[in-house]
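Structure, as structure tokens:
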Amino acid sequence: MALIIKHPHNYLCTLEKSSKNTDFHSIIDALSSSKYKTLLTCNAPIYQDTQRDFWANAKLEIQDKKAWAISSEVGGILVPITPQTISEVFLDERPST
């Protein structure tokens, strides 16, 4: 079965200045120099079946009465999403060992 990309979720942030977006140049500068630039501009494909499986099995993880993670099993693999995993994948902020 071929994977189908879910197009409405695959829009990239374009951090380019032009004469049509002069009101936003300072915001573009701030985002371009921030640690979130990679997160905003990466071209990560999202596949419909994978997305459907993730949300069908998703569970909210609670710690100290606060939500701190979403975990789900996709294709037999546990997929936890936490602030730490987002930092590791998109911001290259791996903890030092």
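Each other residue within a Cβ distance under 13 Å of Lys17 adds +1 if Lys or Arg and -1 if Asp or Glu, for a net charge of -2.
Given Cα pairs under 8 Å that are at least 6 residues apart, what percent is the relative contact order of region 8-93? Contact order relative to length: 22 percent. Remark: relative contact order (region 46-97) = 23 percent; criterion is Cα-Cα distance under 8 angstrom and separation of 6 or more residues. Amide H contacts for Ala69 (H built 1.01 Å from N in the peptide plane; partners 5 or more residues away or on another chain; cut-off under 5 Å): Glu61.
Put simply, the amide H of Ile46, placed in the peptide plane, has neighbours under 5 Å in Lys6, leaving out anything fewer than 5 places away on its chain.
If you plug the beta carbon distance of Ser34 and Ile81 into 1/(1 + (r/R0)^6) with R0 = 30 Å, you get a FRET efficiency near 0.90. Other residues with beta-carbon under 10 Å from the beta-carbon of Val79 carry, at +1 per Lys or Arg and -1 per Asp or Glu, a net charge of -2.
We did not get these values from a lab; they are worked out from the coordinates using the rules stated. Since the model is a prediction, treat every value here as computed from it, not as a measurement. Cβ: placed from backbone, ideal geometry, glycine included. Neighbour counts: every protein chain shown.
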